[in-house]
Every structure is written in structure tokens, then in C-alpha cells.
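Here the structure is laid out as C-alpha cells; the discussion comes afterwards.
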Amino acid sequence: MKGTVYGVGVGPGDPELMTLKAVRLIRENDIIAVPGKNARESLAYKIAVQAVPELKDKELVPVYMPMVRNRESIEEEHRRGAALLARYLDQGKNVVYLTLGDSTIYCTFDYLQHILEAEGYPVVLVSGIPSFCAAAARLNMPLTEWDEPLHVLPALHKTEGKLDLQGTCVLMKSASHMKEVKEMLRRSGREAAAVIDCGMESELICRSIDEIPDDAGYYSLIISR
């Protein structure tokens with residue numbers, strides 16, 4: 001019988017925001033996969049180990065998930081990562097794959113999921129607290145009220161036009177084009193706030209567009225109303 005692979009969201013950064021289910025699955029299973037070349041340097045690992053200290057004694061499996069634009073190279077790495085997990089699944093062992101935030105929102109594990117499911121392996125997604133929910137809470141900002149819509153957008157694909165959607169816009173994947181994203185927000189006449197490294201020691205809260213650094217780090221999230 002094949003093992004099951006669990007894509008487990010560990011939340012945005014604060015280990016106290018990990019779910020009870022995530023903690024239980026880590027404790028109950030011996031094979032823990034994490035994105036990155038060095039498992040113990042993975043941010044997902046660093047978050048989870050604070051909530052589950054016994055994670056240090058588990059068998060850690062690093063899965064390289066490169067952030068590059070070359071589609072062919074990315075797909076090759078995804079196939080290699082899926083094959084690595086399949087070795088354990090073929091032995092009847094379960095694998096818990098730790099991922100930042102929620103396992104259904106711009107999650108790298110999704111690429112492995114598609115490959116493994118196509119090959120007949122059971123996959124279970126386990127939700128975690130999404131980064132934009134945690135960021136809104138840190139800003140004491142309701143995301144939606146009454147009949148307002150909520151839009152979750154990959155900001156780097158939206159920088160050339162105006163942001164003219166009604167309601168609240170969550171801008172993810174902003175960091176590498178932050179200067180252009182800020183100009184788009186100004187053109188759109190929208191207010192915006194941001195949280196960088198939400199829930200981590202390096203957390204930075206920005207309550208206006210001008211406060212957001214042009215060189216903001218990868219874990220930057222903007223909420224615009």
C-alpha cells in the first residue's frame with residue numbers, strides 16, 4: 001500500500017499560528033519534506049520546529065523548488081522532487097511536506113501534487129492560516145465588510161495598468177517589482193498598507209505606500225482598500 005503525502009501549511013511565520021492539525025501530523029509522521037536545498041535552513045522548518053521541537057529528530061527531506069522563469073528547468077525540478085517523495089510513498093511511508101502560509105494559495109507544493117496524483121499517489125492538503133489574513137490582523141484591518149469583494153492578486157503581473165477593482169485587493173508576489181507596484185497604487189488613487197515578514201522577528205509594518213521600502217523582502221504583502 002502506498003503512503004500518503006500531506007501538503008501542510010505552517011502559517012505565515014508566527015509558530016503560534018500553526019494549526020493543531022499541522023502539529024499533530026508532524027508529530028505522527030517520521031518523514032518531513034521541506035522546500036529548499038538545506039532542510040534546516042528552510043523558513044517553513046524554522047517556523048514549525050518552534051511549535052514542534054521533536055521535529056529536529058525527524059528524517060528531513062529537502063526538496064529543491066527554484067524560483068526561476070525558465071519553465072523547462074522548473075518542471076524538471078518538480079519532477080525530480082516528486083520522484084524523491086515517491087520513493088518514501090512506495091515504501092508505504094507517509095510524507096508531510098511543510099509549506100508557508102496555506103497549502104492552496106500560490107503554493108509550490110501544488111506542482112508536486114499534480115505530478116503525484118497523476119501517478120496514483122494519495123495527496124491530502126492541510127490548510128494553514130494565509131499570509132494575507134495574518135497581515136490584516138497585524139494591521140487591525142478588516143479585509144471585507146458588508147458586500148465588499150476581496151481580490152487576491154499576483155502583483156508582479158499587474159504593474160502596467162491601474163488597479164480599478166472594487167473592494168479590497170491583496171497584492172502578493174510584490175517584492176521583486178515593489179517600486180512599480182507602488183507607482184501602480186499611486187496611479188490608482190488607492191490607499192495601501194503592507195506587512196513585511198509577518199509574524200517573524202524581522203517584521204515591518206507599513207501603514208502607507210510611502211513607508212513601503214522599494215527593496216522590501218520576498219515575504220512582503222500589500223493590502224489596498
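Per-structure values
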read-out: Total charge dipole magnitude, region 1-131, about the Cα centre, Cβ charges on Lys, Arg, Asp, Glu only, Debye to nearest 20; value: 160
read-out: Taking Asp210, Asp30 and counting other C-beta atoms within 10 Å, the order from fewest to most; value: Asp210, Asp30
read-out: Where only C-alpha atoms are counted, convex hull volume of region 131-224 per residue in Å³; value: 82
read-out: Fraction of beta bridges assigned by DSSP in the chain that are antiparallel (%, nearest 5); value: 35
read-out: Rounded to the nearest 20 debye, dipole of the chain from Cβ charges on Lys, Arg, Asp, Glu; value: 240
read-out: Long-range HN-HN contacts of Val63 with modeled amide H, under 5 Å; value: Val34, Gly36
read-out: Asp215-Gln166 pseudo-label distance in nm [points 7 Å out on the Cα-to-Cβ vector]; value: 4.2
read-out: The chain: most fluctuating residue of Ala193, Ala137, Ala155 per GNM, C-alpha cutoff 10 Å; value: Ala137
read-out: Ranked list, fewest to most other Cβ atoms within 10 Å of each Cβ, for Leu20, Leu84, Leu25, Leu221; value: Leu20, Leu84, Leu25, Leu221
read-out: Residue among His114, Val10, Ala82 farthest towards the positive dipole end of region 5-126, charges placed on Cβ; value: Val10
read-out: Rounded to whole Hz, the Karplus (6.51, -1.76, 1.60) HN-Hα couplings of region 164-173, x for glycine and proline; value: 10, 6, 7, x, 9, 10, 9, 9, 9, 6
read-out: Sites Val124 and Glu191 - FRET efficiency at Förster radius 35 Å, r taken between beta-carbons, to 0.05; value: 0.35
read-out: Count of lysine pairs in the chain with Cα separation under 24 Å (8 or more residues apart, or interchain); value: 25
read-out: Rough spin-label spacing in nm, given labels placed 7 Å along Cα→Cβ, for Ser202 and Arg27; value: 3.1
read-out: Rounded to 5, percent antiparallel among DSSP beta bridges of region 5-126; value: 5
read-out: Residues with amide H under 5 Å from that of Lys93, placed H, sequence gap 5 or more; value: Gly3
read-out: Leu84-His151 pseudo-label distance in nm [points 7 Å out on the Cα-to-Cβ vector]; value: 3.7
read-out: Whole-angstrom gap from region 155-225 to region 24-88, using each part's C-alpha centre; value: 28
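Coordinate-derived values only; no laboratory data. Just so we're clear, the structure is a prediction, and the values are computed from it rather than from any experiment. Virtual Cβ from ideal backbone geometry, glycine too; neighbours counted across all protein chains shown.
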